[in-house]
Amino acid sequence: MQDDAILDAAPTIRALRDDPEEDPDRAAVQITLAKEEVGATEAESGAPEPPGPGPEVGVVAHLQEHGKLTPGDLARARRLAEDAGDSLLPMLVRLGLVSERDMARAMSEVLDLPLADAAAFPAEPVREDLFTLRFLKDARVLPLSEEEQQIRVALANPVDGFVLAALQMAAGKDVGASVALPTEIEAAIERLYEKVEEAPETPEADFADFDEEDIEHLKDLASEAPVIRMVNQLIQKAVESRASDIHIEPFADALKVRYRVDGILKEVDAPPVRSTAAVISRVKIMAKLNIAERRLPQDGRIPIRIQGKELDLRVSTVPTMFGESVVMRLLDKESVRFDLDALGFDGTPRERLRTILEQPYGILLVTGPTGSGKSTTLYTALSRLNTQERKIITVEDPVEYQLPGINQIQVKSAIGMTFAGALRAIVRQDPDIIMVGEMRDLETARIAVQSALTGHVVLSTLHTNDAASGVTRLLDMGVEDYLLTSTVNGILAQRLVRRLCTACRESYQALPELAARFAHLAGVSARVDLHRAVGCDHCNGTGYRGRLVIAEVLIMTDQVRKSVLAHATATEIRRIAVGEGMETMYQDGLRKALDGRTTVEEILRVAEDE
């Protein structure tokens, strides 16, 4: 009976389709007609309704069974879906409680439908005359191919039987359904079916000049559903890609979006250039920044829940020639592990670091460039030192992770709360351990040294290339050599290298020239077996998944102190430290490459050859 109803309604749908006047409500009409015609026929026949709660219940049960959905999140989504009169499954994705990919996989398995890959989407529109753009976008349907007896489509929500009915009415033939990610369907629809008009060239805008009407217009644009969805999709895709940063960069004729995954920037599909101002304004509104101020850099934060995870996004904007460049750093509060082994510390560097952390007072410095994991290492050290018998206070800019039992202070330079100013205050708070986010100037360094002299453990960071250079950097800043040798217990220098994907890495025998690099490592035979990156679905084709630390730890021994007091060069201090058992970053990296955890190419990318 349902098939008869579909065929009866088909002429009505076709009449709408053939109407040359574009009706904005045609998509809703198509689905409504499907509901009315099929529903009325089934009411007369007593037949059951199309798939509704049955498949939905199955999909929910599948998500819970596989640990993708908690009972609390389900209850919250069900309540909001009922209030909004919306379907439960799309609501779960919209709230960030379940990822698009997890939802698609669950639907695919429960409904026994194939999972469509975006790479296999058509290069040209399929039957562009058959469905309106509005219908495709509202129903989130992408026609894939057409045969004599069947039209194949990708659906974001195949549980909705009425959309399938509307498709069958319009096409007049069977529908072969598959499941695809909503964002991938929307991107394909935009690529294939939306006709983008080229905007006329205009003189370069002066981004400093805005009146009240412009600002209100930007706010309106940024509050529209398509813009909100675009920004949410950018963030969600970044989380699914395991990205640490999102870069949104405006140019004269394009808007570029890049994700930093495992330390490497990768360009991804970006919103159309005409939406540049709206997308950037939306991010600024989320971060509670001033959207009217486009001449000065701004910083903010966005607490957000994606895929059931609590994330903290640090947002930075800077003015450029064609608008504001935005960078969002993704901090996953739940998945980060403050554990030396998990970070990649092992062997000699780990033992030397533990020795320094066991000292009752003194300074530990962590050095390295931006993005080398210094803050995470400091948090890990604090986690090891955090006991009921110790009071720990940190001064950070910004506070990246909140640690239970630790007093954390946010630097606010605009009101005079600098590192140095905060340090003076917290010394009077009777702390046992102090963590200073960064030694940026002589004043901060001197207060840290004085704190160490009075019996405190001080942890901080510096921007230098290696451990030995940390000593000369403090001397250059103006710290007296006798104070430095009396307070610094050790300096840790580190870099992050990409970790080989264990699912696809490939073993090979190193050539003699390459094997010679490993000759000095203990226990290495003449034959050296290494691993290379291959690429698979598990690692998104990169051959790497995650990162690990390579490090060197300089301990302030008597011999090193003598060289510092003699104002020796960093090269000389490094030579003495290596002679006393310090394993360099390069050597630590080669040992990890020998273990199959990374590649020689990765080591040479971040560390100097010796």
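One line per residue, one yes/no per condition, for (1) touching a Cys at 6+ places or on another chain (Cβ under 6 Å); (2) closer than 14 Å to GLY368 by Cα; (3) surrounded by 17 or more Cβ atoms within 10 Å (Cβ to Cβ); (4) small (Gly, Ala, Ser):
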residue	(1), (2), (3), (4)
THR454	no, no, no, no
VAL457	no, no, yes, no
LEU475	no, no, no, no
SER486	no, no, no, yes
GLY490	no, no, yes, yes
ALA503	yes, no, no, yes
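Can GLU601 be described as within 26 Å of PRO369 (Cα to Cα), modelled with pLDDT of 90 or more and not aliphatic (A, V, I, L, M)? Give the derivation first.
Working: within 26 Å of PRO369 (Cα to Cα): yes; modelled with pLDDT of 90 or more: yes; not aliphatic (A, V, I, L, M): yes.
In short, yes.
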Taking the range 50-99 and keeping residues assigned to a loop (DSSP other than H, G, I, E, B), open to solvent by 50 Å² or more (accessible area, probe 1.4 Å) and farther than 22 Å from VAL163 by Cβ leaves HIS66, GLY67, LYS68, THR70
The lone condition VAL560 fails out of (1) under 23 Å from LEU343 (Cβ atoms); (2) surrounded by 18 or more Cβ atoms within 10 Å (Cβ to Cβ) is (1)
Within the range 114-144, residues open to solvent by less than 40 Å² (accessible area, probe 1.4 Å), outside any helix (DSSP H, G or I) and hydrophobic (A, V, I, L, M, F, W, C) come out as ALA116, PHE121, VAL126, LEU130, PHE131, VAL141, LEU142, LEU144
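Filter the range 100-112 down to the residues that are open to solvent by less than 40 Å² (accessible area, probe 1.4 Å) and in contact (Cβ under 8 Å) with a residue 60 or more places away in the chain and list them by number.
Filtering the range 100-112 down to residues open to solvent by less than 40 Å² (accessible area, probe 1.4 Å) leaves 100, 102-104, 106-108.
Within the range 100-112, GLU100, ASP102, ALA104, MET107, SER108 qualify.
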Residue hits (the range 227-254; out of contact with any Lys or Arg (no Cβ under 9 Å at 6 or more places or on another chain), closer than 20 Å to SER316 by Cβ and not in a helix (DSSP H, G or I)) are PHE251
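Just the residues that are in a helix (DSSP H, G or I) and closer than 20 Å to SER383 by Cβ, please, taken from the range 416-434.
Within the range 416-434, the first condition is being in a helix (DSSP H, G or I), and the residues that meet it are 419-427.
Passing the criteria: only ILE426.
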The condition from (1) part of a helix (DSSP H, G or I); (2) over 24 Å from THR376 (Cβ atoms); (3) open to solvent by 30 Å² or more (accessible area, probe 1.4 Å) that VAL449 misses is numbered (3)
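Is it the case that ARG545 is of a type outside the set (Val, Ile, Thr), open to solvent by 10 Å² or more (accessible area, probe 1.4 Å), in contact (Cβ under 8 Å) with a residue 12 or more places away in the chain and in a helix (DSSP H, G or I)? Give the steps one after another, and end with the answer.
On the way: of a type outside the set (Val, Ile, Thr): yes; open to solvent by 10 Å² or more (accessible area, probe 1.4 Å): yes; in contact (Cβ under 8 Å) with a residue 12 or more places away in the chain: yes; in a helix (DSSP H, G or I): no.
No; evaluated as a whole, the condition is false for this residue.
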SER316 fails exactly one of (1) farther than 19 Å from ASN232 by Cα; (2) of a type in the set (Gly, Ala, Ser); (3) at pLDDT 90 or above, namely (1)
Reported set for the range 247-295 where residues are charged (D, E, K, R), within 18 Å of the chain's Cα centre (by Cα) and more than 14 Å from VAL326 (Cα to Cα) is ASP262, LYS266, GLU267, ASP269
Within the range 596-610, residues within 20 Å of SER507 (Cβ to Cβ) and assigned to a loop (DSSP other than H, G, I, E, B) come out as GLY596, ARG597, THR598, THR599
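Answer yes if at least one residue in the range 517-526 is in a helix (DSSP H, G or I) and closer than 17 Å to ILE491 by Cα, and no otherwise. Explain how you work it out, then say what you get.
Going residue by residue through the range 517-526, those that are in a helix (DSSP H, G or I) are 517-518.
If we keep only those that are closer than 17 Å to ILE491 by Cα too, we end up with none.
Within the range 517-526, none of the residues are in a helix (DSSP H, G or I) and closer than 17 Å to ILE491 by Cα.
Going through ARG384, ARG424 one at a time, which residue ends up being more than 26 Å from LEU442 (Cβ to Cβ), surrounded by fewer than 16 Cβ atoms within 10 Å (Cβ to Cβ) and more than 21 Å from the chain's Cα centre (by Cα)?
Numbers: ARG424 fails: more than 26 Å from LEU442 (Cβ to Cβ).
Answer to the check: ARG384.
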Screening ARG517, ARG532, ARG561, ARG575 for residues that are charged (D, E, K, R), closer than 21 Å to VAL606 by Cβ and at pLDDT 90 or above leaves only ARG532
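Can you tell me which residue among GLY535, GLY581 is under 29 Å from the mean Cα position of the chain (by Cα), surrounded by fewer than 17 Cβ atoms within 10 Å (Cβ to Cβ) and part of a loop (DSSP other than H, G, I, E, B)?
Of the residues listed, the single one that is under 29 Å from the mean Cα position of the chain (by Cα), surrounded by fewer than 17 Cβ atoms within 10 Å (Cβ to Cβ) and part of a loop (DSSP other than H, G, I, E, B) is GLY535.
The values are calculated or read from the model by the stated rules, or taken from the named source; none is laboratory data. A quick note: this is a predicted structure, and the numbers were derived from the prediction, not measured. Virtual Cβ from ideal backbone geometry, glycine too; neighbours counted across all protein chains shown. Surface areas here come from the heavy atoms of the whole protein model, side chains and all, with no ligands, DNA or RNA. Shrake-Rupley method; radii C 1.70, N 1.55, O 1.52, S 1.80 Å.
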